[in-house]
Every structure is written in structure tokens, then in C-alpha cells.
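The values are calculated or read from the model by the stated rules, or taken from the named source; none is laboratory data. Just so it is clear, the model here is predicted, and its values are computed rather than measured. Heads up, the Cβs are rebuilt from the backbone with ideal geometry, glycines too, and the neighbour counts pull from every protein chain shown.
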Amino acid sequence: MENLMLSKKFDIIIKSWKDGRLDKARYELDALLIGQKLPASIKLKKFISEKLFKDDPACFPMSSNGIDWPKISVVTPSFNQGKYIEETIVSVISQAYPNIEFIIIDGGSTDSTVSVIEKYSEHINYFVSEPDKGQSDAINKGFDKATGDIYTWLNSDDQFAPNALFKMALAFITSKADLVAGICEVYENDKIISRHITACEEGVLPIQELLDLDKGWNAGQFFYQPEVFFTKDLWERAGAHVKTDCFYSMDYEMWCRFAAVKANLHIIHTPIVNFRSHPEQKTADPTKFKQELLSVRKRFIEEWDIEPEELNRPEFEWGRKLRVLAINDHGFNYGAGIAHQRICAALEMAGHQVTPLDLSVSKGSHSAYVNAAIEKNNPDIVIFGNIHSQIPDTVALIDEIQKKLPTYWVVHDFWLFTGRCAYPGFCQKHLTGCDAECPSKNEYPIIDEYKINAAWEEKVSLLKNSTNLKLFVNSAWTRSFVASKLEALGASVPVYDIQLGVPSYLYKPVDKSHCREEFGVGSDEFVLGFSVSSLSDPRKGGKLFLDAVRRLDINKLVILLIGNLDVSIKLDNCRIISTGYVKEQKTVVSALNAMDLFVAPSSEETLGQVYLEAAMCGVPSIGLNMSGIKDAIIDGVTGYKLNNSSSEELSKIISTLYRDETMRRSLSKSSHLYAHNKFTLEACYHSIHAALLQEKIFDKVGAPRKIELSHDVKSIRDKPVILSYKKGVDVEEGPYPESGIDYKFRWCHSSKSVIGVSISKEVEKLSLRIKNVLFSEQVISIRFIDEELVVSLSRSEEKVVDLYIANMKSNYFEVTLIPSKFHKSSLNEKRELSFKLLSIEDV
């Protein structure tokens, strides 16, 4: 079934490419590469590398977008790995990176390795097969031949993840770091079993922590070798070799030398490599490499004359995770609520137990509601989002909680620092004393004007006197505001930088033509997007945007508004489509993918999540070079920022990008890649993890520092599958323990059962579970979309049937189940029973 599905995807890509539908081919190709964690079809990947990428460079426009891509040298040491090396080679070739040097050093293999390598000789810059002194010797030989700017080695049983080289190159370009680490996904029997990212903070590699084997290296704080790339300069500064007498730990010894020469580490939060775990690899027995580590550490300390420090970290329990209470005012609704949800999801992704509390559903005292949750869940920390819509004039709840538990306030806006407002703008009263003369006292959140000064005083007291309150800020502008406020008050509240993240498995490029159909937009129309809670909100820049649009001379211009069209507007040079307030994330994803450009000239944002969402979907953004937007848009990578907030300048940059399709497509690809590096839920968690490390939270509760991530967090998805039982399916019943039935089920009856299925766009496969309990044999024909499957079940047999539904043009279809046998109705049983439906759900 899986091979059949790959074959179908393969045919769609080829047909789209031959028909000249390059956008369609690129979309299908991206969907396949994202979905295929392991190259399951060599034929398909070979076609991609040799045909689509080679003959049509536009299929990967990043290769010609004007970025000076650094040369990356990839060295693969190999010995008798014919079983795996073809997938490794194809994973390198299919990167289609325009400036790669691929070197394979084989130790004189006697299996099929050499013949496999020779099949791909035109893609390999240097290859030799001769006896050597082992893996380290082969790595040294390879890098002696290398001429690149960036180095890595990829073992012959591992593979690069899709776009790994582009993501790494972009990371080096934007960070100027010496080495970059990403996510390593560990596979066993072609199934993902764990995802690792370093628990280190960015900056100089910490040599003393590297030397702490039990609490640092062996505890998983650092690297899996293939997730790290480094510069040629760093390689040479640290001695230009790996130790040939290190059989297991040549990478550890090299990281120590990198740390000794003060290598600067940058971290990206996206899969870079698929690490294959199997019993044949030499690290399968951990006792052997741990023994070698001790001698390698001892020798390094002597050679570099380093005095190891005693870090005095407490013992930890491997399975211990944090218990987190996350509190906000409106659940997971609106901007801050969505950010709050994503913070919860990021913590869940790392395995922590998160209990979200929505103050809007508490009955009676908020304090009693929160304290009951504390009593029940025994949290290690509490994280507050916004609460000002429920308790707009007091911070007593925060003060009460921070006296009991480590408490973190996420600065989504500046309400905690003012008498009542979320953004003070040019008003400076928050520094000296907010009062009844507040210039925005009639705007949300509104409180009695005579309470404004008392509210300001209460917040000042909290900030000056709290003992357990910490602040999370999400941009340099937010940090600057908070720091100046705390300094003016003489308060010493710790402030930590965190990165807000976007779920990459939801926000991604999808077929633009389908998305445009959803909103009634033609393929030949040029779409500008604008997202607001209210078009009339002056802080969001609606007037500036509309004035710029009036200046545009663009044929078939469409304005797609995500948000409320709360004012009457007239534009003669375009048509306007408004979505209204959108709750479902899949609708936001479709709207973003329908756009050519996203334009949001807001003047005040602590960060601006929608810029991150647009980038993740591959949509370039245009904004103003002010407030938190400075960190949300990267010039020339995810879009452009304007220094001059005039409608004339805004219309000029829109017009420039309208005329230059190559630039737009280049920005589209680089936006998506950069967002995967920087704006993921994994990035959000990593930044929070770094803050909690500084607070020694893990040490205090006895939890490990190692970060292990699940593949995704389903709890933040829109409900992916909605079922409607249209015909021949009864209500759910069971379990019936007294009858030995320990499961829930629905009876299917009559000659046909029909189930309506509404799905989110990210669903590619449904799992249907059915059971025959009535007949010696039951044959069921399953019809859906244009497919038909036939399943035979003996008595009491249960089967799981996978329904592959990728590439659908509609979000709705029907599954029809036709049994070969069913009982006739009787006086005792009116239904014509045929079989049991146990479940139908996404996988």
C-alpha cells in the first residue's frame, strides 16, 4: 500500500512537471519530501535530483536568488555499508544544494558498497576505496581533500533531512557562528523513536560542562555528531583533525577542542539529519564508548592544561519531567491566547505535563480556582499569559502565586507595567505614575479612572518586592522597554528572552491554487494580505496600508483581510475579500497561502506572530522597522522592513516585488527555510529550556537537562477529522465487560454503510478499524474518493485498513462500506447487522 502511494505521488509530480505546471510540481515535491522522513523510493529521489532539479533550476529557486551560498563539504566515511549507503548518497544528492562538495572515503569495502557508490559517481566530487586506519582516519582523509567553507561528516548509514544544507547555510549566513547545531531525528526500523537537540545555550561552547561526563555529555546535554556543521576556519583553528586513536569518541574530543578555542555556537530548531539506530553500529554497546570517553577526557585535560571545575549538579531521575500550570484570561483565543497555547504545546512537545487554566471559565474567585488547580496538580512552575480581560485592575493573583512557586510572566504586552493600558505609545506616565488623566482611559482594557493610579502602584509594588517572579520577553524591543522600566523603578526582576513559535506541521506551503479557490481568488490575480483584529485600530497601520494600496497600479489586485472589516472602505483599484475573525488555524493557513505578499505596517508589536506564520507558509512580509517587528522580519530573507513609515515608500516596495517574480519566489523559499530554523515550537521550547536552566529549575526538581522532543503535539491542531454517519451506521455503544466486550463500537447494518468525512488539509491517511463477529467469513468493499479496497475477515477477526487520502481537491469525501453478508431483520433485531466499526481516525 505504501509503495502504491509513493508511486501515485511520483506520477503526479512527473505529470505536473511535463505539463509545465511547475508550481504544482514544486508543491507536490515539497509535500513528499516533508512526509518522507526516510528515502523509501530511490527511483523517486533519483528522478528529483537528476531531472527536476537539474533540468529546471526554477524548481528550487533558492539556487539562483542572488544569495552567495557558501560551499559545503560533506565527507562520508564508509566501510561495508552497502546495505545503507545508497539511501545516504541519495539524501545528499536530493538536497539540490548549488554549492556542495561530496567526498566519500571508503575503507576498502568487500560488500556491495563500491558498486553502489559508482552508480552515483557523477554526483561525487572525490571517492577512494582503500584500506585505512578506521573511521577517524577516513574523516581526516576526506577533510584533507575538502575545499568548502562549511564542513560536516555524514556516516554511511545516516541521511540528511529535506533542505538540510540550505537551512544550515542560511544559519551560517545569518548568524556568523563557528558551528551550528540542529535537530537529529533517530530512527529504528524506519520509524522515528526520538528527536534530539542540544540543551546548550547559544554562545561560546562551555568547556567545563563538556568535561562533566556524567551530568553533561553522557546526560545528553550536547550533540549527536551528525546534527552539527562547522566552519573550515574552526576546523583549522582547533587542529584540523580528529584523533585517529579514538574509535568511539572522536567527535567528543573534537567538540572539546572547539570549546577550548572558544567556538561560537548557533542553534537551529529544525530536522537536519536522520540518524539510524541499528544493532550493527559500533555505538550500539554504550559501555565500550563510555570507557573510552574517560581516557579521552583525561588526555584532553593534560594536553590543553585545563583545570576541570566541580559543577556540583545534583543527581537526577531520567523520567522526571516538569509539571507546569499555565494561566491566561481567554483560553487559546486571540493573539496572546494563541501564543499561550503554543507555549503550552512547546512544553508538551518536550514531554512536560502542562495544565492550562482559562480564567474566563472560573466561577467565583479566580484565586480559589487557581489554588484548587495548584493543590490538584502540584506544579513546579507557573506561567502567566495575559489576564487583563478578567482582572483588569489588580495583580493580587500574581503576587499570591509568586510567593508560593516560581512564577513566569510572558510579556505579550505592557499591561503589567502601566496603570491599565497594553501599549502606552508616546505616553510616559507609566514611569512616574499613571492616573485619572490617562490619555487612553476610554480604550480597552477599561477600568474606573480613579482606580488607575492604585493599579499602577500595586504593579510597581509587585515588581519591586517580588521574590519569585520572572519575566519572559519575546523581542529586543520588548526587552528594552522592560529593562528601562525596571531600572526606573529600581526593581531587580530577572528577564529572559524566549522565542515564540509556530507549529510547522500546520503552517506550511500548500497548493496555492486550491487555497485561492477557497477564497474565490483567480490564479491570475495578485493578492496582498493584511491581518488585523480590527481594521480601524491605529496601532495596526490600517490607514497606512489602505493609503499605500490606493497608490498601486497593479492589474487584478485583490486585498485579502484576515480579521474584522469594521469600517467602510472604498478602493477603486482592487477588490476586497474579508474572512472576518478566524478561529480555525487551517483557515489562516489557507488564507496565507493564497497571498503573494503579506503586508502589516503595524507600529507597535511585542513581536507579531502573524509575520512568523506567513514566513512558515513561504509568504514574504512587509512591515515597519520598529518595535518587535525588527525581530519578526529578516530583511532580504523573510521580507523587508521600511524605515520610512509613509504610504509612498510602502507602495514602492509592494510594486517592486509585484514586478519581480523571481525575487518573490526567492523570498518565499528563504522565508520558509528561515522560519524552520528560528520560528518553530522547538525553538520556543529551547528558549524556555535555556531560561529554566539559568534558574536551575531542572536541578531543583531532579530532572535531566537533556531535550528529547516528540514528533508533534496533536493537542494544538484543529480537530483533524470530523465524521458524519449518514447511512447504515448505528450509534456508539459498549464496552460491555459482563459480555467480555472491552471496546467501543458502532454496528454497521444493511447492504451499505456511508460515512461522511471532513478533514484538515494536513491529514494524509485515515485508519479504519473493523471487526467481523457474525459470520464465518465477511468480505467488505471499501470505496472512497476514486479508490476501492476489498478486505476479507474471518469470524472474530479485527483488521486495520489504511485509507490514503493525500492530494485531495476537497476537504470532504465519503467512505462507503459494502459487506458481502448481513442478517435479515427479525422481531428481536430490526437492524440488518453486518459488522462492527471500531474507529476511523487520522494517523
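Tabulated values for the structure
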| item | result |
| --- | --- |
| Single residue of the stretch 131-164 satisfying the filter (assigned to a loop (DSSP other than H, G, I, E, B) and at pLDDT 95 or above) that is nearest to residue 233 (Cα to Cα) | 149 |
| Qualifying positions in the stretch 462-492 - assigned to a helix (DSSP H, G or I) and without any contact (Cβ under 8 Å) to a residue 60 or more places away in the chain | 463, 464, 465, 479, 480, 483, 484, 486, 487, 488, 489 |
| Evaluation of residue 837 against (1) surrounded by fewer than 19 Cβ atoms within 10 Å (Cβ to Cβ); (2) at pLDDT 90 or above; (3) under 17 Å from residue 725 (Cα atoms) (one fails), failing number | (1) |
| Residue that is modelled with the highest pLDDT [pool: residues in the stretch 67-102 that are in a loop (DSSP other than H, G, I, E, B) and polar (S, T, N, Q)] | 99 |
| Residue in the stretch 424-446 that is assigned to a helix (DSSP H, G or I) and crowded, with 18+ Cβ neighbours inside 10 Å present | yes |
| Matching option when the condition is farther than 30 Å from residue 213 by Cβ, assigned by TED's automatic domain parsing to the domain that holds residue 799, of a type in the set (A, V, I, L, M, F, W, C) and at pLDDT below 80, among 713, 731 | 731 |
| Where residue 156 falls short, out of the listed (1) in contact with a Leu (Cβ under 6 Å, 6 or more places away or on another chain); (2) buried (at least 24 other Cβ atoms within 10 Å of the Cβ); (3) over 19 Å from residue 97 (Cα atoms) | (1) |
| Members of the stretch 79-103 found to be in contact with a helix residue (DSSP H, G or I) (Cβ under 6 Å, 6 or more places away or on another chain) and touching a residue at least 40 places away in the same chain (Cβ under 8 Å), listed by number | 81, 85, 86, 90, 93, 94, 95, 96, 97, 103 |
| Failed item, numbered, when residue 695 is tested on (1) of a type in the set (Asp, Glu); (2) within 30 Å of residue 173 (Cβ to Cβ); (3) at pLDDT 85 or above | (2) |
| Among residues of the stretch 107-128, those that are of a type outside the set (A, V, I, L, M, F, W, C), surrounded by 17 or more Cβ atoms within 10 Å (Cβ to Cβ) and either modelled with pLDDT of 95 or more or assigned to a loop (DSSP other than H, G, I, E, B) (or both), counted | 3 |
| Residue check for residue 527: modelled with pLDDT under 85 and among the hydrophobic types (A, V, I, L, M, F, W, C) | no |
| Count of the stretch 246-290 residues which are more than 23 Å from residue 192 (Cα to Cα), polar (S, T, N, Q) and either touching a helix residue (DSSP H, G or I) at 6+ places or on another chain (Cβ under 8 Å) or at pLDDT 95 or above (or both) | 2 |
| Verdict on residue 570 being charged (D, E, K, R), more than 20 Å from residue 675 (Cβ to Cβ) and in a loop (DSSP other than H, G, I, E, B) | yes |
| Selection within the stretch 138-165 - over 12 Å from residue 229 (Cβ atoms) and touching a helix residue (DSSP H, G or I) at 6+ places or on another chain (Cβ under 9 Å) | 139, 143, 146, 147, 155, 156, 157, 158, 159, 161, 162, 163 |
| Unmet requirement for residue 345, which otherwise passes all of (1) under 18 Å from residue 683 (Cβ atoms); (2) of a type in the set (Gly, Ala, Ser); (3) part of a loop (DSSP other than H, G, I, E, B) | (3) |
| Residue in the stretch 456-476 that is surrounded by fewer than 20 Cβ atoms within 10 Å (Cβ to Cβ), assigned by TED's automatic domain parsing to the domain that holds residue 411 and under 30 Å from the mean Cα position of the chain (by Cα) present | yes |
| Number of positions in the stretch 790-834 that are at pLDDT below 90 and either outside the structural domain of residue 774 (by TED's automatic domain parsing) or basic (Lys, Arg) (or both) | 4 |
| Residue within the stretch 795-816 that is farther than 30 Å from residue 508 by Cα and of a type in the set (A, V, I, L, M, F, W, C) present | no |
| Residue identified as closer than 30 Å to residue 489 by Cα and in a helix (DSSP H, G or I) among 401, 387, 391 | 401 |
| Flag if residue 774 is assigned to a strand (DSSP E or B) and aliphatic (A, V, I, L, M) | no |
| Filter pass, residue 545 being surrounded by 21 or more Cβ atoms within 10 Å (Cβ to Cβ), among the aromatic types (Phe, Trp, Tyr) and assigned to a helix (DSSP H, G or I) | yes |
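For every residue, the table says whether it meets (1) over 27 Å from residue 422 (Cβ atoms); (2) in contact (Cβ under 8 Å) with a residue 60 or more places away in the chain.
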{"site": "593", "(1), (2)": "yes, yes"}
{"site": "609", "(1), (2)": "no, yes"}
{"site": "623", "(1), (2)": "no, no"}
{"site": "638", "(1), (2)": "no, no"}
{"site": "648", "(1), (2)": "yes, yes"}
{"site": "668", "(1), (2)": "yes, yes"}
{"site": "673", "(1), (2)": "yes, yes"}
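To keep it simple, each residue is scored yes or no on (1) under 22 Å from residue 338 (Cβ atoms); (2) touching a strand residue (DSSP E or B) at 6+ places or on another chain (Cβ under 6 Å); (3) buried (at least 17 other Cβ atoms within 10 Å of the Cβ); (4) not charged (D, E, K, R).
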site	(1), (2), (3), (4)
352	yes, yes, yes, yes
360	yes, no, no, yes
364	no, no, no, yes
367	no, no, no, yes
370	yes, no, yes, yes
375	no, no, no, no
412	yes, no, yes, yes
